[in-house]
Each structure stands twice: as structure tokens, then as C-alpha cells.
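**Student:** Before I ask anything, let me first share the structure, which is written out below as C-alpha cells.
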Amino acid sequence: MTVICRMSLAMLLVATLSCRGKMPETATATAPSATTSASTTSTAVTAAQTTTTSPCGFTTTGGGPSQIPPVATSGNIPLYVPLPSVVNSQVQIRPYFDWFSWEEFIALNWPASTKGRGNADQPSNASVFKNAKNGSQTVWGTWKANWELFNQGSTRPSPFDSWDVKIPAQCSAAKPGQRELVMSSKGNTVLNDGVQAFSFPLVDANSNYLLYEVRYNRAAYEFMRGTDANQKSWLYLAKNLSPPTQQTMPMSTAAAAHPGEQDQLGAMMLKAAWRDMTGVPASERNRYYVVEAQVYNPETQQCTAKDVGLVGLHIVQKLQDFPEWVWSTFEQVDVLTSPQHPGLLPACTTTDCSQVHGFANRPQTTTLDPNPANRTPVPAARINAIPTTPPGQSTVDANMMFQQSLAGTVWANYQLVVTQWPFNAGNFKPPENRGTYPCGAGAPFPETGAVNVTMETYFQSANDAVGAGGNSCMSCHYNAALYDFSWGLKRRPHA
């Protein structure tokens, strides 16, 4: 049967999705001229026939096509997930979401154009990406940092393309466009740049603190900045969010998925985790994307220039078919210690660490100790495995496929940990309207266990994550659902 566009995936089981784009054969929806690697294609599999009824009121059935689309090396951000014509279950369609995550990763890490902010340099020329030097400015690195929106005081935040911003006082020596990683903030909130969300700082094997930053693309930033003509649209001011009402950021739309629509990139948000490269052996340094940043030193209370390496990356995009966003998270492959490479974090030495919690030696306070000698490195393990289903088309398989395609670039040293999305998309009910997770969040898949070791180290188990709303991206952010799942928009606006 033919279904109506914008229906949830759960309502499209064993249906012809006439309103959704088909799986691309050579490129992303937004980059028909992108280079596709024919050697990195995969073979479709069919899952076993099983039937499951969800507590959220829908039924899934086994079987159906399941195939990772070909790798497309493109600087154009994908605008939709290329689902097959038959959708039977969550696991069956995981390969298409993992492909989407990896294509986002490539496009966002594409060398940035020098014109404006958030633009790729020659996005259809794969050689620009594959020949880029380590440390080249990336597209997402030119997005607006959260402090450019929420820490400007009485000054109106500058337009998206502008580098004319009030730099944090501690980093007054920073140059326009230089990354500032300020490890102090007003109060111990989810947006404290020196600690994990709702949690504690993470100390690496070299007794350095990990550093964090949040960035917004043009659509998300302009939505929160508002228009010059309407001061009530300035959502960085707390008064314009009172009383609380449902906020809805722009969604990405694609003509290939919905004929008649325009190709338009919607809201995207990103959180990155960085390590201080001090003490990292030269032989390991080239395995990280490394940039110079102004880093706040709690001892001197000033910023100094340091090299930092990217170790974790959360990416979310709001799509027309998935208004509760698609959530993707990546890690550098050496986050956990292995026999081949020293890890960012030491290996666990107890079962309690390796199987129950996924960490040991958590700091006792959120206060950052200025003396490295007083810090104890945090051993860690992954207790939520990178998905191995569907067989042959899993997240593990997608990682191998994309890493092979990216060989010779620093980005081959990164891996997708998990993609989470709302399977019953559009069936949204925020907690303030008596909604509950998971059904009120669109029945996310996977429901739990979607965490990044560099950012949710202490929330890997469901028990440890109770106070944070759960051990997955969507369960945590569901508590900010009224603000379109953005903790920044919920907690950061000022008077």
C-alpha cells in the first residue's frame, strides 16, 4: 500500500515508503557528484522472521533488506536517511542510519571554506578532503560556539558569519576564529566546559582533564539568536522563554525524500571532547585530529595556547522525518587502552570497573584541581558494545567500511559508537505534558546504552545514569524536550 508522508516508521512497517528517498547508488542526496568508493560496498542481508510488540503500541517484524549504502566522500551534509522501500524493524534499518552518521562525520570534518562560517571548501572534490593536512580547519570548527551566543552579556550576539565576538576574559589573547576551551563556568551546570554533562571531570592517563565544547550550525544559532526586528525572538534571554512553551527548531528537508520540498539544512548541534596532547608520544600523535586552542588553566586562571586532540564527537540533526533528531556519536579509536596503542584512559583492573560501571576512580568533586599531581587517572571500559547487528551490516561493519575508504587520512582513526533515532518519529509528548520516556520521545532505538565513553564515562550503566535521565543521548535530552531537546537552550539563557 502507499502511505502518507511524515508518518512514523512504526506505522510504515512492511509498507511502500513512497514519500521517502530510496537508497542512493553512488552518492548522498545532497551531493550527486561526490566520489563513491566501489570497493567499500556491502552485501544485503535479510533478518530472521520474528514479531515483537512494543510497549509504545507498535509491532515490528523480522526480515526485509538491510544494507550499508556505498561510501560517498562528500562535503555536502546529508539531509535525510535513505531508507529501503520496506521497513520492518529497528535493527533492519540500522545500516542506513549508520551510513547517515558517517556521511555527516565526513561532511562536518571537511576542510572549511574561508568564506563565511559553516561552509565546505569544494564539497564535491574528494581530493580536498583526502589531502587535507591534519589540523586543517573543519566545517564544524567554524560553527558558533555556545559562549558566542550565551556569554555575550548585554551585547547582542553577532550574526552567524561574523567572527566579531566578545572573547572570554580569561582568553583575551585569543585571535578571532581560534578555538577557546574554557574549563570554568558560572556554576556547576550541564554546560560547564570542564566537566561532563551532569557529572564530574574526566582525568586521562596523563593526569590531564578532558576538555569540552558545544557548537551550533547556522539554522540552530539563528533560531536562538532571533531576528533584529523582534526582540521577543531572542531566546538567549531567559525572559523570552518564560513561561516555558514548546520550542521547535528548523528541520532539514530534501527533495529526494519528499518531492516538492527544497533541499534545506536544518538545525544541527555538536559537542566535542578534546584531550591535552601534552605527554602524548610522537608516534601516537598523528592518530588524532590535532589543533591549537586557547585552554583555560585553573592554576593561572588564564588561557594558554596548547595542542589538543579530538577524542569524542556528538552530532545531532533535526530531520523532517525524524523531528526528535538523529543522534550520532563518534570516538577516536584509542580512547580505551589496547595492546597496540596506549589509550586516552587506562584499562580497568577490576570486574566492577570493566563489567558493572565502566569506570573507576571518579573524582569526588566537580572542582578542577590546578595541580596535576593531585589528579588520579580514570580507568575505563566500554560496557555497551558497539552494535554488531544486523550481521554483516552492523555498526562494526560500517566502521570497517568507512575506515577503509578514509585510509590515509586522520579520520580513519575514528569510529562510530552508535546511532540513535526515534523509530516512532512524530509521536512526541514532552514530560511537561505528562509524556514519559521512551514513548513520549518517539520510541528511540536503541532505547538505552547509547553513550560515548569520553562524554558519558560515568553514565554507562542504567543504574549510574538514573540521576541524569538515563544512559542514552535521547533519554537524557528528553528532559529538555520542551526546548527541542537542547540543554543549552533550557539552561544557558541569561537575564
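Any read-out appearing in this document is the output of simple, stated calculations on the displayed coordinates, not a laboratory observation. No experiment lies behind these values; they were computed from the predicted model shown. Heads up, the Cβs are rebuilt from the backbone with ideal geometry, glycines too, and the neighbour counts pull from every protein chain shown.
**Student:** On alpha-carbon atoms, Rg over Rh for segment 372-495 using Kirkwood Rh? Could the numbers behind the result be given before it?
**Tutor:** Working: Rg = 17.2 Å, Rh = 16.6 Å.
On the Cα set of segment 372-495, Rg over Rh gives 1.04.
**Student:** Could you let me know the centre-to-centre spacing of segment 219-270 and segment 337-363, using Cα atoms, in angstrom?
**Tutor:** Their Cα centres are 40 Å away from one another.
**Student:** Follow-up question, since we're still on this one. With labels modelled as points extended 7 Å from the Cα through the Cβ direction, what inter-label distance (nm, one decimal) is found for GLN364 paired with SER233?
**Tutor:** 5.2
**Student:** Between THR50 and THR245, 0.36 nm times their residue separation minus their Cα-Cα distance comes to what?
**Tutor:** Values: separation 195, 0.36 × 195 = 70.20 nm, distance 4.12 nm.
So the chain would gain 66.1 nm between THR50 and THR245.
**Student:** Moving on to the next point. At most 11 other Cβ atoms within 10 Å and a DSSP loop assignment: could you name the trypsin sites (Lys or Arg not before Pro) in segment 426-495 that fit?
**Tutor:** On the way: sites: ARG434, LYS490, ARG491; in loops: ARG434.
Sites meeting the loop and neighbour criteria: ARG434.
**Student:** Please compute one quarter of the surface area of the Cα convex hull for segment 9-491 and express it in square nanometres. Could you put the intermediate results ahead of the total?
**Tutor:** Details: hull surface 88.2 nm².
Taking a quarter of the hull surface, the average projection is 22.0 nm².
**Student:** Tell me, what is the percent relative contact order of segment 267-389, built from C-alpha pairs under 8 Å that lie six or more residues apart?
**Tutor:** Numbers: 187 pairs, mean separation 24.5, N = 123.
Taking the mean separation of contacting Cα pairs over the length of segment 267-389, I get 20 percent.
**Student:** Same structure, new question: Over the chain, what is the relative contact order in percent, taking alpha-carbon pairs closer than 8 angstrom and at least six residues apart?
**Tutor:** Working: 1172 pairs, mean separation 77.6, N = 495.
Averaging sequence separation for qualifying contacts and normalising by length gives 16 percent for the chain.
**Student:** Hey, another quick one. Limiting things to C-alpha atoms, what are the Rg and the maximum Cα-Cα separation (Dmax) for segment 41-129, in angstroms?
**Tutor:** Cα radius of gyration and Dmax of segment 41-129 are 17.1, 52 Å respectively.
**Student:** Taking H placed 1.01 Å from N in the peptide plane, check which residues at least 5 places from PHE445 or on another chain put their amide H under 5 Å from its amide H.
**Tutor:** Here the answer is TRP421, PHE423, since their amide H atoms fall under 5 Å of that of PHE445.
**Student:** How much FRET efficiency would the formula 1/(1 + (r/R0)^6) give for LYS429 and THR155, where r is the Cβ-Cβ distance and R0 is 56 Å, rounded to 0.05?
**Tutor:** Working: r = 38 Å, r/R0 = 0.67.
Working from the Cβ atoms, E equals 0.90.
**Student:** Under 23 Å from the Cα of LYS306, which lysines turn up, not counting those fewer than eight places away in the same chain?
**Tutor:** LYS133, LYS144, LYS166, LYS175, LYS271
**Student:** What helices in the chain pass both tests, a Cα length along the helix axis of 30 Å or more and a mean Kyte hydropathy of 1.0 or higher, using whole DSSP H runs? List each step's numbers first, then the result.
**Tutor:** Numbers: long enough: none.
The qualifying helices: there are none.
**Student:** For segment 53-138, what does the relative contact order come out to in percent, with C-alpha contacts under 8 Å and a separation of six or more?
**Tutor:** Reported as a whole number, the value is 29 percent.
**Student:** Taking the alpha-carbon distance from LYS429 and a cut-off under 19 Å, which lysines remain once sequence neighbours fewer than 8 residues away in the same chain are dropped?
**Tutor:** The reachable lysines, counting only those whose Cα sits under 19 Å from LYS429, are LYS318, LYS490.
**Student:** Ratio of Rg to Rh for segment 101-163, alpha carbon only, Kirkwood?
**Tutor:** Values: Rg = 13.7 Å, Rh = 12.8 Å.
Result for segment 101-163 is an Rg/Rh of 1.07.
**Student:** Determine ³J(HN,Hα), in whole Hz, for all residues of segment 129-143 in sequence, where each value follows from phi through the Karplus function 6.51 cos²θ - 1.76 cosθ + 1.60 and θ = phi - 60°; x replaces Gly and Pro.
**Tutor:** 6, 6, 9, 5, 6, 4, x, 4, 4, 9, 4, 5, x, 9, 5
**Student:** Another question about this same structure. How compact is segment 439-494 by the rule of thumb for globular proteins, expressed as Cα Rg over 2.2 N^0.38 Å? Kindly include the intermediate steps, with their values, before the conclusion.
**Tutor:** Values: Rg = 11.5 Å, N = 56, 2.2 N^0.38 = 10.2 Å.
Ratio of Cα Rg to 2.2 N^0.38 Å: 1.13.
**Student:** Normalized C-alpha radius of gyration of segment 253-306, against 2.2 N^0.38 Å? Could the numbers behind the result be given before it?
**Tutor:** Values: Rg = 20.0 Å, N = 54, 2.2 N^0.38 = 10.0 Å.
After normalising by residue count via 2.2 N^0.38 Å, the value is 2.00.
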